[in-house]
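Shown next, in structure tokens, is the structure this report addresses.
The values are calculated or read from the model by the stated rules, or taken from the named source; none is laboratory data. None of the values given here were measured: they were computed from a predicted structure. So basically every Cβ, Gly included, is an ideal-geometry build from the backbone, and we count neighbours across all protein chains shown.
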Amino acid sequence: MPNMKNYLLAGGVAVLAAVFINAVQADGATATTRPETKAHTDPYEVKAIEIPKQINFAGEEVPLEDPDVLERLDRELLVNTYWQSNALLLIKRANKYFPIIEPILKEQGVPDDFKYLAVIESGLTNAVSPAGARGFWQILKGTAKEYGLEVNDNVDERYHLEKATLAACEYLKKSKERFGSWTMAAAAYNAGQYGMHKQLERQQVDNYYDVLLGEETGRYVFRILALKEILSEPLKYGFKYDKDDLYQPIPTRKVAVDTAVTNFADFAETFEINYKILKIHNPWLREAHLNNSSRKQYYIEIPEEGFYPPAK
């Protein structure tokens, strides 16, 4: 009996081994004969950007025959095209805010291309820079007061889009008068009029594309040009969206106020909106109240009914 048991055990092991070998061979055969997975027919590609044959800023031609100028423009087109999330946000915001900026530029005799200066300055948000510049147009406190904007604890009109746009227009027109071109006026918006004058004098040139500048101002006009290209022809640069994807302007009416307001939450309630909505449309009101001891007349924007859920 022990010999028989050993025989049966050995036989069973042999059978199992044979089955295992056949399974492995079969599996190997299957692996080698399995059809290959179909390759993706539309892979993501990072392509070079075709640089426009001609481009201008405010009607002033960009000298693309200069290889340095060509490379600097190419850099900004690449950076801004392939920073897709940021560019798409700018396209969405532009639909909301350009209708406010454009008529002011036209009325003030400032070329429409300067709306792209606001884009690169702030991303069309009420940004605050490390140097303390604020709002869509990134105006410093001293410059704001020089150009008639009110800046104090209660009110900061650098956040008032219409008034800040008017102040920016005045600054740009003075720069154009001083330097002779809109391109130089744009560069001076970043470098300052004195700083730009100093560099032109030192290098004995009078053209933005001929002067050697620091990193920020050296890229400044090229960033404007790149955003002008992308926002003007988004499909050309691969941005696809429906009209409903864009942020929409919200119509408002102006309410005159020439007294103190002790509590803007209560004030908002009288117009069936809440404090948040009031501040969204009036970011220049910096506190929860308005002192207004001088009895100055302010105009507060109140959104039309139906664009926000009813206040609770």
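See the values below:
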item: Only listed residue being buried (at least 17 other Cβ atoms within 10 Å of the Cβ), of a type in the set (A, V, I, L, M, F, W, C) and farther than 22 Å from Asp245 by Cα, chosen from Leu73, Leu124; result: Leu73
item: Complete set of residues in the stretch 225-250 that are outside any loop (DSSP other than H, G, I, E, B), surrounded by fewer than 20 Cβ atoms within 10 Å (Cβ to Cβ) and among the basic types (Lys, Arg); result: Lys236, Lys243
item: Search result, residues across the stretch 292-309 that are part of a loop (DSSP other than H, G, I, E, B) and in contact (Cβ under 8 Å) with a residue 24 or more places away in the chain; result: Asn292, Ser293, Arg295, Lys296, Gln297, Glu304, Glu305, Phe307, Tyr308
item: Subset of the stretch 115-162 [touching a strand residue (DSSP E or B) at 6+ places or on another chain (Cβ under 9 Å), farther than 23 Å from His281 by Cβ and touching a residue at least 60 places away in the same chain (Cβ under 8 Å)]; result: Tyr116
item: Count of residues meeting criterion [over 18 Å from Arg75 (Cα atoms) and either within 25 Å of the chain's Cα centre (by Cα) or loosely packed, with under 12 Cβ neighbours inside 10 Å (or both)] in the stretch 201-220; result: 3
item: Checklist (1) in the same structural domain as Glu287 (by TED's automatic domain parsing); (2) touching a Pro at 6+ places or on another chain (Cβ under 9 Å) applied to Tyr241, failing item; result: (1)
item: Exclusive hit being of a type in the set (Lys, Arg), assigned to a loop (DSSP other than H, G, I, E, B) and exposed (fewer than 15 other Cβ atoms within 10 Å of the Cβ), set Lys198, Lys312, Lys276, Lys254; result: Lys312
item: Residue within the stretch 72-93 that is modelled with pLDDT of 50 or more and either farther than 14 Å from Leu227 by Cα or among the small types (Gly, Ala, Ser) (or both) present; result: yes
item: Inter-residue pairs, beta-carbon under 8 Å, first outside the structural domain of Phe239 (by TED's automatic domain parsing) and in the stretch 87-107, second of a type outside the set (S, T, N, Q) and assigned to a helix (DSSP H, G or I), 6+ apart; result: none
item: Any hit, the stretch 279-291, residues being surrounded by 12 or more Cβ atoms within 10 Å (Cβ to Cβ), outside any loop (DSSP other than H, G, I, E, B) and touching a residue at least 60 places away in the same chain (Cβ under 8 Å); result: yes
